[in-house]
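Every read-out reported here was derived from the displayed coordinates using simple, explicitly stated rules and does not represent laboratory data. If you're wondering where the values come from, they're calculated on a predicted model, not measured in any experiment. Quick reminder, even Gly has a Cβ in these numbers, built from the backbone with ideal geometry, and neighbours come from all protein chains shown.
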Amino acid sequence: MLNFMENIEEIPLAEWVSKATGIVSDSFAFLFDPIKNEFGDGLESFADMLAAVPPVIVILLVAVLAFFLSGKRFGLAAFSIVGLLLVWNQGLWEELMLSFSLVLVASLLSVIIGVPIGILMSKSKIAENIITPVLDFMQTMPAFVYLIPAVAFFSIGMVPGIFASLIFATPPTVRLTNLGIRQVSEELVEAAEAFGSTGAQKLFKVELPMAKTTIMAGINQTVMLALSMVVIASMIGAPGLGREVLSALQRADVGTGFVAGLGIVILAIIIDRFTQSFSLKKGTNI
Amino acid sequence: MPVIKVEGLSKVFGKNVKQALKLLEEGKTKEEILKQTGSTVGVNRASFEVEAGEIFVIMGLSGSGKSTLVRLLNRLIDPTEGHVIVDGEDLATMNKKDLLRVRRTKMSMVFQKFGLFPFRSILENTEYGLEVQGIAKEERSKKARASLEMVGLGNYVDQYPSQLSGGMQQRVGLARALANDPEVLLMDEAFSALDPLIRKEMQDELLDLQDTMKKTIIFITHDLDEALRIGDKIALMKDGSIVQVGSPEEILMNPANDYVEKFVEDVDRSKVLTAYNIMKRPETVNIDKHGPRVALERMQKEGISTIYVTDSKRNLRGYVTADDAVVALRSDVTNLTAILKTDAPSVPKDTLMNAIFDISHNSPVPITVVEDGKLLGIIVRGAVISALAGQGEVNLTHA
Ligand SMILES: Nc1ncnc2c1ncn2[C@@H]1O[C@H](COP(=O)(O)OP(=O)(O)OP(=O)(O)O)[C@@H](O)[C@H]1O
Ligand SMILES: [Mg+2]
């Protein structure tokens, strides 16, 4: 009696998903292939270009930006100089640039996709009800799982890495864009409407500026998640610091693994402070 | 010609709107309808007219539907039923495009918590209504600056709202509303968030501005003192319905029902009634025609001990007492000039009663109400006291 499951056939859920993925991958090959090839090529040359800039110039640039973004304080600038010099010294500069371009492109795409979806959610209760569970699903599914369809669609390399990162890292931007707009005070929305704003004017002149801080917090989270995807994506051949960590893991080489990991930490801290400073910059007026 | 004409305007919040409307027709109360249908009656078949240049105050307790009503006027809330006719156009049935036009050019709104955009400077805030119309930067900046000048904030254009005090912020709210020169101003509890002194200042300023602007203003408040101070007409709301519309004096002296009476009960009448409201027609003699004999006769007939003296053009000259008149008669004086006294206190007709009270207390003769040198009326001490107590005859026609 208690073992009634023996009498029920197993639902071939896994099989269905595989089949569906196969169908999608086949029927959208016309879409995926050019993305894989053209976009992949573009991505690689962008990464190569970054890597080709002399490290000294990059480090100086980052230091100057850090100085101004942190309100003319030396802390972040000094940290950037020391940290980046260390990465360079360890012979990981090219890997750092590769990882950075992966994070940069993935985050940009996440924002480009995420902000409009967040706006849609804030404007429509129906959209919110549909999208919220999808976001929950996207964020709770272990990130590794996304690697499998990513490979099915885009084979291996940077492109599937970015695809997996998109799914994993976009939700915070969507959520916080929605939240930010919904939090705008009723009276300000009424003021915008009472003076005869169109929907677009209301959005761009009042709601988005008011929600900016919240949206930037979401973008910051997105960037951090994209960065955490750097290691995971190396499992499907994405190059960069993650690949060093992975290969060190396979050889049980603690030292090399630690150094590559440290490189990721340094990158993470710099990116985090940079995106945070964007969200706080005009905050004095708010 | 009324600028705004509201006809049978209703708003029901909730799902069973049709049923709720039917119950309203049947005369069910807001509470009964909420119980039966789960819908809330915001506004219940309101009808009224607002004349051009008038300050029309809508007053009522919390939840009586004031905010809902004012938002129906510019359709921030869509009406369930009824019409809002502004300059001959019905907003209730108007398409989106026309509605934008009306909001941009005919009506502006001032908000309780100011509704300023914190990330915009004072100038940019004031420009907002012009900006959404697509007016060129230079022109809108010029208009916005002029508007800020008008409320006395010409020097604050580059500041941000958080740098200003509450009173100043609401001036910006007012300047923003005036910048596109609308016919109608909607003010929802515009001064309620300010402390009492600033509030009074703002009321005075609004009245000053109104003297030159002559806008049509719909002003929401739950404060009767404020309503009486600034309103030309007052509408009282209860449970979504308008229970009485009238001039401040009418509301005060002839409350339409218990609700209104409760509302006006604790009003300090001394802050509302003016000299004009309580003065009496004076008994006078003409200095060009009459002598002490006529004066004495009149006083004896009326049972009074002083009489006011005017000339043929009704200009006030002074008064004479009965005692002086008797002395003059005995010494064969035929002219009133010799015994004329000119120390009677006089006030303009719109003097508030609390000011009159002090004067009448210290004066042995009735106070004169004078306009352009002419005697309009007199106020005897008894009249002041009985009016303060809410009794006695009061002149309700508008001064
Ligand atoms: N969006 C809404 N949804 C449902 N009910 C509402 C809504 N807005 C207002 N109401 C209800 O309509 C009635 C009138 O509310 P309204 O805000 O107009 O009152 P008010 O006179 O402005 O009160 P206050 O002095 O507190 O501002 C109240 O019973 C309120 O609960
Ligand atoms: Mg209200």
Q: Return the whole-Å distance between the Cα centroid of the range A:23-43 and the Cα centroid of the range B:292-332.
A: 112 Å
Q: Could you compute the FRET efficiency for B:Ile385 and B:Asn257, with r as their C-beta to C-beta distance and R0 at 22 Å, rounded to 0.05?
A: 0.20
Q: Note the angle between two axes, namely the Cα long axis of helix B:122-131 and the longest principal axis of the Cα atoms of chain B, as a number of degrees from 0 to 90, rounded to the nearest 10.
A: 70 degrees
Q. What is chain B's relative contact order, in percent, from Cα pairs under 8 angstrom and six or more apart in sequence?
A. 15 percent
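Counting other C-beta atoms within 10 Å, which of A:Glu186, A:Glu44 has the fewest, and how do the rest follow? Numbers along the way, then the final one.
Working: A:Glu186 10, A:Glu44 16.
Arranged by neighbour count, lowest to highest, A:Glu186, A:Glu44 become A:Glu186, A:Glu44.
Can you sort A:Phe46, A:Phe137 so the residue with the fewest Cβ neighbours within 10 Å comes first? Walk me through the intermediate numbers first.
Working: A:Phe46 15, A:Phe137 10.
Ranked by crowding around the Cβ, least crowded first: A:Phe137, A:Phe46.
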Q: Between A:Ile119, A:Ile35, A:Ile266, find the one with the highest GNM mean-square fluctuation for chain A; connect C-alpha pairs within less than 10 Å.
A: A:Ile35
Q) Anyone know which of B:Phe56, B:Phe119, B:Phe13 comes out most mobile in the 10 Å Cα GNM of chain B? A) B:Phe119
**Q.** Selection from B:Thr368, B:Ile339, B:Pro282 lying farthest towards where the dipole of the range B:275-388 points positive, charges on Cβ
**A.** B:Pro282
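Summing -39500 (n - 2.57) over the DSSP H runs of n ≥ 4 in chain B and dividing by its residue number, what mean residue ellipticity at 222 nm do you reach, to the nearest 500 deg cm²/dmol? Please report the intermediate quantities before stating the final value.
Working: 16 runs with 154 residues, N = 399.
So the calculated ellipticity at 222 nm is -11000 deg cm²/dmol.
Counting only complete DSSP H runs, which helices of chain A cover 24 Å or more along their long axis at the Cα atoms and score a mean Kyte-Doolittle of 1.6 or above?
Helices meeting the span and hydropathy rule in chain A are A:93-123.
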(Q) Need one number: the % of Cα-Cα pairs in the range A:81-143 sitting beyond the 14 Å mark. (A) 72 percent
Q: Pop out the ³J(HN,Hα) list for the range B:231-237 in order, Karplus 6.51 cos²θ - 1.76 cosθ + 1.60 with θ = phi - 60°, rounded to Hz; leave Gly and Pro as x.
A: x, 7, 9, 10, 10, 9, 10
Q | Within-11-Å neighbourhood charge of A:Asn220 [Cβ basis; K, R +1; D, E -1] | A | 0
Q: May I ask for the angle, rounded to the nearest 10°, between helix B:353-362 and the longest principal axis of chain B, with both axes built from Cα atoms and the value confined to 0 to 90°?
A: 20 degrees
Q | Shape call, chain A: gyration tensor on alpha carbons, a/c limit 1.5 | A | oblate
Q. How far, in nm, would the chain grow between A:Leu60 and A:Val82 when pulled straight, counting 0.36 nm per residue and subtracting the alpha carbon separation?
A. 6.8 nm
**Q.** Options A:Ile117, A:Phe153, A:Met216, ranked by Cα towards positive dipole end of chain A, top entry (Cβ charges)
**A.** A:Met216
**Q.** Residues A:Thr21, A:Thr222 arranged by fewest to most Cβ contacts within 10 Å
**A.** A:Thr21, A:Thr222
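When N is the residue count of the range B:255-376, what does its C-alpha Rg come to as a fraction of 2.2 N^0.38 Å?
Taking N as the residue count of the range B:255-376, the ratio is 1.31.
For the range B:200-307, what number results from the quotient of the Cα radius of gyration and 2.2 N^0.38 Å? Don't jump to the answer; show the numbers that get you there.
Numbers: Rg = 21.0 Å, N = 108, 2.2 N^0.38 = 13.0 Å.
Dividing the Cα radius of gyration by 2.2 N^0.38 Å gives 1.61.
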Q | Cα gyration tensor category, rounded, prolate or oblate, for the protein assembly as shown with a/c compared to 1.5 | A | prolate
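Say the cut-off is 21 Å between C-alpha atoms; which of A:Lys123/B:Lys96; A:Lys123/A:Lys205; B:Lys22/B:Lys96; B:Lys289/B:Lys341 go over it? Numbers along the way, then the final one.
Values: A:Lys123/B:Lys96 18 Å; A:Lys123/A:Lys205 16 Å; B:Lys22/B:Lys96 28 Å; B:Lys289/B:Lys341 18 Å.
Pairs exceeding 21 Å: B:Lys22/B:Lys96.
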Q: Taking only Cα atoms and a 10 Å spring cutoff, compute GNM fluctuations for chain B and point out the largest among B:Leu228, B:Leu130, B:Leu236.
A: B:Leu130
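What size of dipole, in debye to the nearest 20, comes out for the range B:1-82 about its Cα centre when the only charges are +1 on Lys and Arg C-beta atoms and -1 on Asp and Glu C-beta atoms?
On the way: 12 positive and 10 negative charges, 80 e Å.
My answer is approximately 380 debye.
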Q) If you take the square roots of the eigenvalues of the alpha-carbon gyration tensor of chain B and sort them as a ≥ b ≥ c, do you get rounded (a/c under 1.5), prolate (a/b over b/c) or oblate? A) prolate
Q) Using unit Cβ charges (K, R positive; D, E negative) and no other charged atoms, how large, in debye to the nearest 20, is the dipole of chain A about its Cα centre? A) 1160 debye
Q. Spin-label point model (7 Å from Cα, Cβ direction): what's the A:Thr140 to B:Thr93 distance in nm?
A. 5.2 nm
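Only Cα pairs under 8 Å and at least 6 apart count here; give the relative contact order of the range B:275-388 as a rounded whole percent. Each step should come with its number before you reach the end.
Working: 192 pairs, mean separation 34.8, N = 114.
Here the relative contact order equals 31 percent.
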Q.
Please give the charge dipole size of the protein assembly as shown, origin at the Cα centre, charges +1 on K and R Cβ atoms and -1 on D and E Cβ atoms. Round to the nearest 20 debye.
A. 820 debye
Q. Helix B:166-179 sits at what angle to the longest principal axis of chain B, using alpha carbons and giving 0 to 90 degrees rounded to 10?
A. 80 degrees
Q. Can you give the helix-only mean residue ellipticity at 222 nm for chain A, where every DSSP H stretch with n ≥ 4 adds -39500 (n - 2.57) and the sum goes over all residues, rounded to the nearest 500 deg cm²/dmol?
A. -25500 deg cm²/dmol
